[in-house]
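Student: This is the structure I want to talk about, given as structure tokens.
The values are calculated or read from the model by the stated rules, or taken from the named source; none is laboratory data. It should be emphasised that the depicted structure is a prediction, and the values quoted were computed from it without experimental measurement. Glycine also receives a Cβ, built like all others from the backbone with ideal geometry; neighbour counts cover every protein chain displayed.
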Amino acid sequence: MSETPWLTIVGLGEDGPDGLSPASHAALQNAEIVMGAARHLDLLPDLSAETVTWPVPFSDGIPKLLSLRGRRVVVLASGDPFWFGAGAVIARHLNPSEWRTLPAPSTFSRAAATLGWALEKTPCFGLHAAPFARLRPHLFTGQKLLTTLRDGAAVAELAQWLRDAGFGDTTLHVLEALGGPRERVRSALASTYDLINVLHPVCLGLEVAGTGATVSLASGRSDTLFDNDGQITKRPVRALTLSALAPCPGEHLWDIGGGSGSIGIEWLLAHPTCAATTVEINPERAARITQNAAHLGVDRLQVVTGSAPEALADLPAPDAVFIGGGISDEMLETVWAAMPKGARLVANAVTLEAEALLAQWHEAKGGDMLRVELAQSQPLGRKRGWKSSYPIVQWSVVK
């Protein structure tokens, strides 16, 4: 049997020692040093080991912990340390043989049990330091969500954010200090939220309701979701473009000529592991792209302000590339050279010159050419007629 690692990460609930497993009790009894937040240390008042209060910000505690390597150390964490907890952050600084974890029921498990919700069907979020907009793609009437928050004051802030988003009819179940003697559960509508003295730690259960816009699950989402100055890949063309780009989990997109950022944003909405970099030469548009991404809950979009192909020099290799503007032979040469084998390229052309260039590259590299002609109904006197948009030629190819 291998030796016990020098570090044990112990999950602790608000019930303190009463909720600990025999293994967790043994780890604490044998520890030389117990390290944790002041609130966690106060839950275990009878410790004989030396105690070290984990500093704020959390990252400052990592060097201190690593300096204790080789001694018998217990780190206290909330509930399940690997469920929106400190465990993953600590573990990436250590070898697997150096640590073990002894979890307790997570806050989400306790919250679901309290509310009678099926945890496997309830999206869970940790919004201690993340923006509320991470919830945006999940807001639709009837959805249930669980999230932890920074503190009690953040509940009122989230209620205001829901009102502003058009979801003021959402019921908020405020679950305070679950599992301990201070446990309290209260409910209120976001529209009339007036609870005071909300205790930390706090978890929130949301029963979403309201008239706010729902973010569609399909590519080609409503143009109204994207603030723009007219420079936007319109919904039908965007749907065709995303279909050709074919986002897969874990893939990275280059979106060249971002405009409103709609292509990069929809790529990120496809899966939480997708990454995207948008290159936009206009600073105002670049700032707008950042705002659009944050508003729709994909603030991980990287926005590069600069002109392509120069701005592409230091970017990580792409799995897919979209060129929505400024197509030139130099651009295509640079992009093609940067693309690894198997990467996908999609380029849309509106002008005759760009169309001719794509035709040359299509002849040389293969792939598919698609001509898209769209018309929308418009008033024509007292009746209606068709108003055609400029035709778009789309070239898509796998290297």
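Student: Here are Ala165, Ala156, Ala177, Ala190: which of them is among the hydrophobic types (A, V, I, L, M, F, W, C) and at positive phi?
Tutor: The match here is Ala177.
Student: Right, another one. Within region 186-200, identify whether any single residue is surrounded by 14 or more Cβ atoms within 10 Å (Cβ to Cβ) and among the basic types (Lys, Arg), and answer yes or no.
Tutor: no
Student: Just to be sure before I move on: is Gly142 over 17 Å from the mean Cα position of the chain (by Cα) and buried (at least 19 other Cβ atoms within 10 Å of the Cβ) in the structure I sent? Give the derivation first.
Tutor: Details: over 17 Å from the mean Cα position of the chain (by Cα): yes; buried (at least 19 other Cβ atoms within 10 Å of the Cβ): no.
Here the answer is no, as Gly142 does not meet what is asked.
Student: Scan Pro316, Pro340, Pro379 and give me the residue that is loosely packed, with under 15 Cβ neighbours inside 10 Å, at negative phi and not in a loop (DSSP other than H, G, I, E, B).
Tutor: Working: Pro316 fails: not in a loop (DSSP other than H, G, I, E, B); Pro340 fails: not in a loop (DSSP other than H, G, I, E, B).
From the options Pro316, Pro340, Pro379, the qualifying one is Pro379.
Student: Out of Val10, Val56, which single residue is outside any helix (DSSP H, G or I) and either touching a Leu at 6+ places or on another chain (Cβ under 7 Å) or of a type in the set (Lys, Arg) (or both)?
Tutor: Working: Val56 fails: either touching a Leu at 6+ places or on another chain (Cβ under 7 Å) or of a type in the set (Lys, Arg) (or both).
Val10 is the lone residue from the list that is outside any helix (DSSP H, G or I) and either touching a Leu at 6+ places or on another chain (Cβ under 7 Å) or of a type in the set (Lys, Arg) (or both).
Student: Could you please give the count of residues in region 309-333 that are under 29 Å from Pro137 (Cβ atoms) and at pLDDT below 90? First the steps, then the outcome.
Tutor: Just the residues of region 309-333 that are under 29 Å from Pro137 (Cβ atoms), to begin with: 311-312, 315-325.
Subset that is at pLDDT below 90: 324-325.
Going through region 309-333 one residue at a time, the tally reaches 2.
Student: Specify the residue that is surrounded by the fewest Cβ atoms within 10 Å (Cβ to Cβ); the eligible residues are those in region 319-337 that are touching a helix residue (DSSP H, G or I) at 6+ places or on another chain (Cβ under 8 Å) and either more than 17 Å from Ser243 (Cα to Cα) or of a type in the set (S, T, N, Q) (or both).
Tutor: Of all residues in region 319-337, those touching a helix residue (DSSP H, G or I) at 6+ places or on another chain (Cβ under 8 Å) come to 320-324, 327-329, 332, 334-336.
Subset that is either more than 17 Å from Ser243 (Cα to Cα) or of a type in the set (S, T, N, Q) (or both): 327-329, 332, 334-336.
Working: Ile327: 25, Ser328: 14, Asp329: 10, Leu332: 22, Thr334: 17, Val335: 22, Trp336: 16.
Only one residue tops the list, namely Asp329.
Residues are listed down the side, and each one gets a yes or a no for (1) closer than 16 Å to Leu20 by Cβ; (2) of a type in the set (S, T, N, Q); (3) in contact (Cβ under 8 Å) with a residue 60 or more places away in the chain:
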residue	(1), (2), (3)
Leu65	no, no, no
Arg69	no, no, yes
Leu76	yes, no, yes
Arg100	yes, no, yes
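Student: On to the next question. Identify all residues within region 52-76 that are among the polar types (S, T, N, Q) and modelled with pLDDT of 95 or more; write none if there are none. Give the steps one after another, and end with the answer.
Tutor: First, pick out the residues of region 52-76 that are among the polar types (S, T, N, Q): 53, 59, 67.
Selection gives Thr53, Ser67.
Student: Count, please, the residues in region 239-269 that happen to be charged (D, E, K, R) and crowded, with 24+ Cβ neighbours inside 10 Å. Don't jump to the end; show me each part of the working.
Tutor: Here is the first cut: in region 239-269, the ones charged (D, E, K, R) are 251, 255, 266.
Adding the requirement that they be crowded, with 24+ Cβ neighbours inside 10 Å leaves 255, 266.
Final tally of qualifying residues: 2.
Matching residues to (1) assigned by TED's automatic domain parsing to the domain that holds Pro55; (2) assigned to a loop (DSSP other than H, G, I, E, B):
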position: Ala88; (1), (2): yes, no
position: Pro137; (1), (2): no, no
position: Gly142; (1), (2): no, yes
position: Leu145; (1), (2): no, no
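Student: Could you say whether any residue in region 205-226 is among the charged types (D, E, K, R), surrounded by fewer than 22 Cβ atoms within 10 Å (Cβ to Cβ), farther than 25 Å from Pro340 by Cβ and in contact with a strand residue (DSSP E or B) (Cβ under 7 Å, 6 or more places away or on another chain)?
Tutor: Checked region 205-226: at least one residue is among the charged types (D, E, K, R), surrounded by fewer than 22 Cβ atoms within 10 Å (Cβ to Cβ), farther than 25 Å from Pro340 by Cβ and in contact with a strand residue (DSSP E or B) (Cβ under 7 Å, 6 or more places away or on another chain).
Student: State the number of residues belonging to region 36-51 that are in a loop (DSSP other than H, G, I, E, B), under 20 Å from Arg182 (Cα atoms) and at pLDDT 90 or above.
Tutor: Matching residues across region 36-51 total 2.
Student: Hey, any hits in region 293-306 for a residue that's small (Gly, Ala, Ser), more than 18 Å from Leu242 (Cβ to Cβ) and at pLDDT 95 or above?
Tutor: Yes, some residue in region 293-306 is small (Gly, Ala, Ser), more than 18 Å from Leu242 (Cβ to Cβ) and at pLDDT 95 or above.
Student: For region 1-23, how many residues meet the condition of being out of contact with any Phe, Trp or Tyr (no Cβ under 6 Å at 6 or more places or on another chain), surrounded by 13 or more Cβ atoms within 10 Å (Cβ to Cβ) and within 14 Å of Arg72 (Cβ to Cβ)? Let's see the steps before the verdict.
Tutor: Filtering region 1-23 down to residues out of contact with any Phe, Trp or Tyr (no Cβ under 6 Å at 6 or more places or on another chain) leaves 1-4, 6, 8-23.
If we keep only those that are surrounded by 13 or more Cβ atoms within 10 Å (Cβ to Cβ) as well, we get 6, 8-17, 19-21.
So of that shortlist, the ones also within 14 Å of Arg72 (Cβ to Cβ) come out as 6, 8-10.
Within region 1-23, residues that are out of contact with any Phe, Trp or Tyr (no Cβ under 6 Å at 6 or more places or on another chain), surrounded by 13 or more Cβ atoms within 10 Å (Cβ to Cβ) and within 14 Å of Arg72 (Cβ to Cβ) number 4.
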